[in-house]
1. What base-10 log of the normalised intensity I(q)/I(0) is obtained for region 392-489 from the Debye formula, alpha carbons as equal point scatterers, at q = 0.11, 0.13, 0.21 Å⁻¹?
2. So which aspartates and glutamates can LYS286 reach, going by Cα to Cα under 14 Å and dropping same-chain residues fewer than 8 places off?
3. Percent relative contact order of region 79-343, based on C-alpha pairs within less than 8 angstrom and at least six residues apart?
4. For the chain, which whole percent of the accessible surface, found with a 1.4 angstrom probe, sits on carbon and sulfur atoms?
5. Taking the solvent-accessible surface of protein heavy atoms with a 1.4 Å probe, what is the per residue accessible area of region 161-212 in Å²?
6. Quote the convex hull volume per residue of region 26-76, based on C-alpha atoms, as a whole number of Å³.
7. Determine how large the accessible area of THR118 is when every protein chain is in place; take a 1.4 Å probe and give Å² rounded to the nearest 10.
8. Quick one: how many Å² of ASP23 are accessible to a 1.4 Å probe, rounded to 10?
Amino acid sequence: MAEHLMCDLSVPGRVGFRFPESDVPAAPLPDTLLRDDLPLPELAELDVIRYFTRLSQLNHSVDTGFYPLGSCTMKYNPKVNEEAARIQGFANLHPLQPIETSQGALALMYHLQEWLNTIGGFAGTSLQPAAGAHGELTGVLIIRAYHRSRSDTKRTKILIPDSAHGTNPATSAMSGLTVVELPSDERGNINLDILREHCDETLAGLMLTNPNTLGLFDENVEEVNRLVHDAGGLIYGDGANMNALLGIIRPADVGIDVLHYNLHKTFSTPHGGGGPGSGPVSVVEKLVEFLPDPVVKIIEEADDENGIPPLYGLVTPPQTIGRVKAFQGHFGMFVRAYTYIRMHGAEGLRKVSEHAVLNANYLLAQLRDTYHIPYDRTCMHEFVAEGRWPDAPDIHALDIAKRLMDFNFHPPTNYFPLIVHEALMIEPTETESKETLDAFAKTMIKIAEEARTNPEILKSAPHSTPFGRLDEVKAAKELVLCCVPEFAR
Ligand SMILES: *Cc1c(COP(=O)(O)O)cnc(C)c1O
């Protein structure tokens, strides 16, 4: 173990930090805390800084290059968000502090709840869920609680289109509902005839990802929602991809009853590498009483005449599904999203979505002659191309993805959605310039040529990264999390 940690950089006796002289009497440690051997590397501060700085530069990131990872919305995160999140009063706040000393944070959460209500057309919001999938679980539990509160316990079936995000069926299964998959039609919409067959008294609801994972807006969304509502079901909206809709359509207006946002996609805030995310859930009026406990409310109105601001507090919704997360959720994400929304304002948010959709369609237009687009119509913030050609039989989406890395582009999402063979799911986001989009399109076209003229260069890519092509299964199953000697100095 010892030799793995920071490898051979360790020199006995070298230190990077010295504790100050103690100004209190030393007290003995309990025996249970003591061990004979603690094989930590001994290094100077500079060694540690260089080691980790170098490691950080081995990764591709939004700050170093284009990152068109479909469904994930890897947009640029404005640095002002980071500054706001580091304001001492926010960063050093303790979640158990009394509300009297955390009014600033509660006010921020209150306004963020209100803005998310406004953006989606909803009546109430919980900021608690820690990610999109967690928001889905929360939303589906709310749907279940609603039916139960009406003693409508037969409703255990939930419909999920095959163009939904993979987290949707997983979430529903976890919450004890029976998942029924709905096929898409040839335009990438939900097949209405098959939907009608499932609209009966066992229907709890339908989970709609719109735009779906083909990057397409379901043209029949209102009809879908009407059919489900008429049968007594509720509509869950997967709003992870609100990046396409801000200021253009409010999900509640087309019949969505409960929706999660991904703050860490639509409203910037960094993500990847596992977290921390934030997946607030918004609901229509009749579901407000089921929201997770607690929500932030004004518990004493402002007294404007005497210049006294409102008092914010934490309130338990009357029929709450309970707590879904410790304390109030990932507060640092709230600060970033709040900053982002304030910085843009209503007009700015609408422009975000207009540009996200424009950028995706601009790329689509440049690539559709070279790559087959299985569901080819005006896309939203992303589109799905096929990474294969009949006259280049050995080339797969994976080879194209790997070859892109040689040009300092992060690969698009590949092999998802499952309903497209050799899928390449491309989401440029609104923060990229025309020059970057042109360079990416040019590279994609060049790679398509190489697939015919020099397939080997694709099969053996990437060539310019610190490691060549990895065995991805092995890399995931046999994680090496300690020092790699080549990169130590
Ligand atoms: C990303 C995403 C999710 C899941 O969000 P996480 O924060 O990764 O759990 C769900 N649905 C859609 C459409 C997504 O793009």
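The values are calculated or read from the model by the stated rules, or taken from the named source; none is laboratory data. Keep in mind that what you see is a predicted model, and the values were worked out from it rather than measured. Backbone-built Cβ (ideal geometry, glycine too); neighbour counts: all protein chains shown. In case anyone asks, the SASA skips ligands and DNA or RNA and just uses the protein heavy atoms, side chains included. Shrake-Rupley method; radii C 1.70, N 1.55, O 1.52, S 1.80 Å.
1. Listed by q, the Debye log ratios stand at -0.41, -0.56, -1.18.
2. Counting by Cα, and skipping residues close in sequence, LYS286 has these aspartates and glutamates nearby: ASP257.
3. Value for region 79-343: 27 percent.
4. 55
5. 40
6. It comes to 223 Å³ per residue, whole-number rounded.
7. Number for this one is 90 Å².
8. Spelled out: ASP23, probe radius 1.4 Å, area about 150 Å².
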